[in-house]
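Participant: Have a look at the structure that comes next, please.
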Amino acid sequence: MVKREFIQNHKPLNFNFYQNENDFIVEELPIDFSLKGGVIVLKIRKKNLGTWDLMEILSKQLNIYENEIGYAGLKDKNATTTQYISIPKKYSKELKKFRHSKIEILDSFLHKVKLNIGDLKGNRFSINLHNVDLNTSYEIEKILKKITSFGLPNYFGFQRFGKEIKENIQKAKNLIYGELHIKDRKVEKMLISAYQSAFFNAWLVKRLKASKDNFELLDGDVFKELKTQKLFTPKKISEELKADFLSHKVVPTGLLPGRKVFRAILKAREVESKFDDSAISEKGYRRDALVFPKDISCKYNQKEQIFTLKFSLPKGSYATVLIENIANRNFNF
C-alpha cells in the first residue's frame, strides 16, 4: 500500500499502539430509530470478534439466514466494539435464548427497515497509547490541536485492503479486465472496493505532497458542502471559498473511480486523471479528502506512561489513520 503522507510534517513520535480488547474500544454512533416496525435493532458489545464473525454466530444460534441480518458498518476484530445489528422481529423468541461469552446485547429497539451499510452517524473511539513519556504527551496534544484545525487526511486504513494487499489489488484488476472470475459477489465487491480505495489513497498522497501548511485547493476541485452534503465544482478558488474551507463549511473530495460519479475539471482533473480507471463498472464515489475529529479528550498516566485518547470520527473514517498522523509514520498493523 502507498506510504501515507500527512499535513503535520513533524518529527516522528515514538510510542506503542496495540489493537486489542483493552486498548482499542469503538462505539458506533447510531442513526435515529423509528421505535416501531417489523425489525429489531440490537445494540451489541463484542470482544475480539469481527462483524462477519458476529453475523455467523447470530445466524447459527438464531437459525436465521445471514442475509436477513442488517448492519451499519464493519468493525475491527481485535478490539472491544459496540455496534447495531438488525434482525426480523419474528425471531424475538429465539433472541431471548441467545447467549455467548464474547457477545453482550445491551439494548434493543424497533425499527421500520433493515439496517444497511452507512446507516450510522459515525464512531466514537477510546485508544490507549503506551510508552509515552511526558514530553511526547505534550507533543501529542499540540498535534491534536493542529489536526482539529487543519483536518485529518481521510485515507482508507489497512483494514480496507486485507492482509495480502498487493495480491488483492492485483486480483481486483484482473477481475475488472476480465482475466479473473469470482462467483462470490461479496468477495468480488470487496476486492473492487479495495482497488477503488487504492486510487483514492494514492491521489491523496500526491495532493498532500504538493501542499504545505494546509491542503492546497485547485481550480476545478469537487467540493462537498458539509451541512447539505451537496457536491459542487467551482472553476476558480475564490477567497470566499477559501474562508469556507478554513471554517470547515466545505471540504474538497477525491475520486473513487467508477460509473456515475462526478469528476474534477481543469487543474484538479489534471492530477485526478492519473488516479482514475474508466474500466471499473462498479459505481464510483467522491470521498472527503479531509475529516475533522470531534469531541477530543486526553488523559495521561505518567506513572504507567499511558496516553488515553478519546474522539469521534465520521462514518467511513479510520482511527488508525489518526494514530499514524500523530506519530507521523506508517504502522505495520
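Participant: Looking at L191, is it open to solvent by 10 Å² or more (accessible area, probe 1.4 Å), within 17 Å of the chain's Cα centre (by Cα) and not small (G, A, S)? Break it down stepwise before answering.
Facilitator: On the way: open to solvent by 10 Å² or more (accessible area, probe 1.4 Å): yes; within 17 Å of the chain's Cα centre (by Cα): yes; not small (G, A, S): yes.
Answer is yes for this residue.
Residue-wise test of (1) open to solvent by 40 Å² or more (accessible area, probe 1.4 Å); (2) assigned to a loop (DSSP other than H, G, I, E, B); (3) on the phi > 0 side of the Ramachandran plot.
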site	(1), (2), (3)
P12	yes, yes, no
N22	yes, yes, no
I25	yes, no, no
E28	no, no, no
K36	yes, yes, no
L54	no, no, no
L58	no, no, no
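Participant: Oh, and also: State whether one or more residues within the range 206-217 are in contact with a Leu (Cβ under 9 Å, 6 or more places away or on another chain), aliphatic (A, V, I, L, M), under 28 Å from K3 (Cβ atoms) and modelled with pLDDT of 95 or more.
Facilitator: Yes: the range 206-217 contains one or more residues that are in contact with a Leu (Cβ under 9 Å, 6 or more places away or on another chain), aliphatic (A, V, I, L, M), under 28 Å from K3 (Cβ atoms) and modelled with pLDDT of 95 or more.
Participant: Could you please find all residues in the range 280-303 being touching a residue at least 40 places away in the same chain (Cβ under 8 Å) and out of contact with any strand residue (DSSP E or B) (no Cβ under 8 Å at 6 or more places or on another chain)?
Facilitator: Q302
Participant: Shifting gears a bit: If I ask for residues that are over 16 Å from the mean Cα position of the chain (by Cα) and open to solvent by 80 Å² or more (accessible area, probe 1.4 Å), which ones from the range 115-132 would you list? Before you say what the answer is, go through the steps one by one.
Facilitator: Pass one, the range 115-132, residues over 16 Å from the mean Cα position of the chain (by Cα): 115, 128-132.
The answer is N131, and nothing else.
Participant: In the set D295, D213, D276, which member is at positive phi and open to solvent by 30 Å² or more (accessible area, probe 1.4 Å)?
Facilitator: Values: D213 fails: at positive phi; D276 fails: at positive phi.
The unique qualifying residue is D295.
Participant: Residues that are within 20 Å of D119 (Cα to Cα) and at pLDDT 95 or above, at least 2 per element: which strands (runs of 3 or more DSSP E) completely within the range 274-319 meet that?
Facilitator: Numbers: elements: 285-288, 294-301, 306-314.
So the answer is 285-288, 306-314.
Participant: Among the residues of the range 194-210, count how many are out of contact with any strand residue (DSSP E or B) (no Cβ under 7 Å at 6 or more places or on another chain) and open to solvent by less than 20 Å² (accessible area, probe 1.4 Å).
Facilitator: Counting residues in the range 194-210 that are out of contact with any strand residue (DSSP E or B) (no Cβ under 7 Å at 6 or more places or on another chain) and open to solvent by less than 20 Å² (accessible area, probe 1.4 Å) gives 5.
Participant: Identify, by number, the condition in (1) modelled with pLDDT under 90; (2) surrounded by fewer than 12 Cβ atoms within 10 Å (Cβ to Cβ) that I165 doesn't meet.
Facilitator: (2)
Participant: What do you reckon, is G178 closer than 21 Å to T320 by Cβ and open to solvent by less than 60 Å² (accessible area, probe 1.4 Å)? Step through it out loud before you land on a result.
Facilitator: On the way: closer than 21 Å to T320 by Cβ: no; open to solvent by less than 60 Å² (accessible area, probe 1.4 Å): yes.
For G178, the condition - closer than 21 Å to T320 by Cβ and open to solvent by less than 60 Å² (accessible area, probe 1.4 Å) - is not met.
The values are calculated or read from the model by the stated rules, or taken from the named source; none is laboratory data. Keep in mind it's a predicted model, so treat the numbers as computed, not measured. Cβ coordinates were reconstructed from backbone atoms using ideal geometry, including for glycine residues, and neighbour counts include every protein chain displayed. Ligands, DNA and RNA are excluded from the accessible area calculation, which covers all protein heavy atoms including side chains. Shrake-Rupley method; radii C 1.70, N 1.55, O 1.52, S 1.80 Å.
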